[in-house]
């Protein structure tokens, strides 16, 4: 199975960056399992909606951290190396995130 879903590029992450991102994803995964359990146990709709809102906030926090790191590393490095097309890629990505 191909690990890359959206791009031919890869990104080597520091151990600290990797651990932080995986930790966030593990927490989000746990929240999703909790929501599933709520549905399976016939929890009240508004209680589930509140938990879904918490997951959305957690995903947004994950995106913010990943985007900030992307700008500090990938984008900055590419601009320094004369690859100005990375700006267009960043703008395109931001437009997709803001839908």
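Brief remarks follow.
- Among the residues of segment 20-49, those identified as surrounded by fewer than 13 Cβ atoms within 10 Å (Cβ to Cβ) and outside any helix (DSSP H, G or I) are 41, 42, 44.
- Among the candidates 99, 83, the residue that is exposed (fewer than 12 other Cβ atoms within 10 Å of the Cβ), out of contact with any strand residue (DSSP E or B) (no Cβ under 9 Å at 6 or more places or on another chain) and not in a helix (DSSP H, G or I) is uniquely 99.
- Unmet requirement for residue 67, which otherwise passes all of (1) under 22 Å from residue 21 (Cβ atoms); (2) without any contact (Cβ under 8 Å) to a residue 12 or more places away in the chain: (2)
- Single condition residue 17 does not satisfy, out of (1) surrounded by fewer than 11 Cβ atoms within 10 Å (Cβ to Cβ); (2) touching a residue at least 24 places away in the same chain (Cβ under 8 Å): (1)
None of the figures in this text is laboratory data; all of them are computed from the coordinates on show. Owing to the predicted nature of the structure, the values given are computational and were not obtained by experimental measurement. Note that each Cβ is placed from the backbone with ideal geometry, even for glycine, and that neighbours are counted across all protein chains shown.
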